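A quick write-up on the structure given underneath.
Coordinate-derived values only; no laboratory data. Treat the numbers as computed from the prediction; the structure is a model and nothing was measured. Using ideal geometry, Cβ is built from the backbone for each residue, glycine included, and neighbour counts are taken over all protein chains shown.
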Ligand code: SF4
């Protein structure tokens with residue numbers, strides 16, 4: 001049934017025509033031919049982040065790392081500092097590692113074989129499809145949530161678009177639709193169409209150039225589709241943060257090199273809330289040789305949402321009552337004026353404003 005429905009590709013020319021006049025002017029689309037490094041950086045930044053938020057980061061990233069080689073040669077601290085504020089820092093780390101691999105194994109040329117691109121760290125099917133089609137004109141699909149939504153509506157597909165079976169079917173359908181000589185243009189047209197016309201909540205069917213071909217519209221189901229069934233609720237974790245001051249400097253900890261917000265700097269903290277959380281931080285610092293007193297009332301609370309969990313952070317001020325810092329490697333005292341010199345672990349960066 002789905003195969004029958006998805007056999008019709010007559011709307012493709014209408015989409016390309018629409019794109020000619022409605023194409024978004026985005027900083028990463030400005031050169032021709034397109035630079036695979038720039039396509040790559042923009043696609044990684046755009047994961048989980050809105051276009052408007054990405055634009056200034058992309059521009060300053062390209063000022064700092066204009067070429068793949070300049071990024072490969074940078075230190076991880078530099079890369080993380082440049083990424084600071086975009087969140088999901090593993091994207092920056094993976095990109096950094098992957099461009100180093102491209103320099104070491106491919107002489108600085110982003111590979112043109114799909115299997116080689118997919119083998120690069122942090123590059124999945126969507127990003128590989130975008131790089132290969134936009135930079136090299138190869139007929140590869142780039143299927144993200146946007147494209148799944150548009151296709152679910154165009155073809156009135158009522159399966160769960162988050163299931164791998166439906167994703168697979170839609171990907172096959174996209175591949176069938178790609179015009180061989182305009183693969184990159186087609187993929188970008190779909191991105192813009194999904195962002196401007198066939199938008200998530202209230203699709204603009206009245207002004208849609210593809211309305212005559214849209215099966216969901218014909219069936220009056222455009223508001224119901226796509227079907228997205230998510231499985232689990234994101235857990236909430238309480239975190240107690242104690243900002244410890246001594247001689248106008250603040251105590252900071254560098255997170256472990258692997259895992260969430262790896263290698264980034266944070267204020268002393270521990271899981272838990274209230275008295276239990278404060279005691280856990282005091283215990284942590286006692287193991288470093290520092291006894292601290294903590295003010296009883298919190299100075300701030302903060303909620304930070306990751307893709308897989310939420311931190312509810314309660315922030316206190318602490319003062320050293322005895323002892324000296326014994327671990328100099330992962331801990332340091334830093335004056336406020338030097339805050340910009342370290343990459344901050346997401347929400348902790350916001351606390352520097354206190
Ligand atoms: S008619 Fe509406 S639902 Fe169908 S493709 Fe156009 S905007 Fe999307």
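So how far, in whole Å, is the C-alpha centre of the stretch 166-189 from the one of the stretch 97-151? Each part reduced to its Cα centre gives a spacing of 15 Å. A simple packing score, the average count of other Cβ atoms within 10 Å per residue, orders the peptides 182-192, 124-134, 87-97 as 124-134, 182-192, 87-97, with the highest score first. For the pair residue 236 and residue 327, the difference between a 0.36 nm per residue extended length and the Cα-Cα distance amounts to 29.7 nm.
Taking 4 °C and 1.567 mPa s as conditions, the stretch 193-295 diffuses translationally at an estimated 69 µm²/s according to Stokes-Einstein applied to its Kirkwood radius (Cα pairs).
Based on the Cα gyration tensor of the stretch 95-150, what are the three equivalent ellipsoid semi-axes, each the root of five times an eigenvalue, rounded to whole Å and given largest first? Numbers along the way, then the final one.
On the way: eigenvalues 99, 30, 11 Å².
Semi-axes (√(5λ), whole Å): 22, 12, 8.
Highest-first packing order for the peptide set 301-313, 259-271 is 259-271, 301-313, based on the mean count of other beta carbon atoms within 10 Å.
As a rough guide to protection, the peptides 114-123, 138-147, 201-210 ranked by mean Cβ packing within 10 Å, highest first, stand as 138-147, 114-123, 201-210.
In whole percents, the pair-distance distribution calculated for the chain from its alpha-carbon pairs, binned every 10 Å from zero, is 5, 21, 25, 21, 16, 9, 3, 0.
Dividing the convex hull volume of the alpha-carbon atoms in the stretch 236-351 by its residue count gives 101 Å³ per residue.
Between the stretch 209-258 and the stretch 305-321, the alpha-carbon centres lie 18 Å apart.
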